[in-house]
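Single-structure report; data block below.
The values are calculated or read from the model by the stated rules, or taken from the named source; none is laboratory data. What you are looking at is a predicted structure, and each value in this text was computed from that prediction instead of being measured. Note: ideal-geometry Cβ built from the backbone for every residue, glycine included; neighbour counts use all protein chains shown.
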Amino acid sequence: MRSATRLLTALVLTASTAAAMAQGMPQTAAASSKSRAEVMADLEMYQRAGLGYLPTPAAYIEVESSADYRKAYAEYQRLLASPAYQEAVAKYQSGAK
């Protein structure tokens, strides 16, 4: 009888943990406000600016304070506001790579 109680307790705990985890999971994918072409163009500008060669701030918090990162991020922001970004969006919308 004791082992049956333990088994039942383990089942209840497992089921309640799984239910709690499922509630925290998103049920549907979030809609993006950017088109695929815009995302691809953004990535191109990110790489052109040199940010792809630097460690991510998520991995190395101090990287955001480095001069190299600030310089590359400023270039990335400049590229996003430049005609080069719009040209890249048009390129990806037309299917060219």
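Of all residues in region 67-97, those being exposed (fewer than 14 other Cβ atoms within 10 Å of the Cβ) and hydroxyl-bearing (Ser, Thr, Tyr) number 2.
Filtering region 48-63 to residues that are surrounded by 13 or more Cβ atoms within 10 Å (Cβ to Cβ) and assigned to a helix (DSSP H, G or I) leaves Arg48, Leu51, Val63.
Taking the conditions exactly as written (modelled with pLDDT under 75 and of a type in the set (Gly, Ala, Ser)), does Ala29 satisfy them or not? Yes, satisfied. Under 8 Å between Cβ atoms, which residue pairs at least 6 apart in sequence (or on different chains) link something in region 56-82 that is acidic (Asp, Glu) with a partner that is surrounded by fewer than 14 Cβ atoms within 10 Å (Cβ to Cβ) and outside any loop (DSSP other than H, G, I, E, B)? Filtered contacts from region 56-82: Glu64/Arg70.
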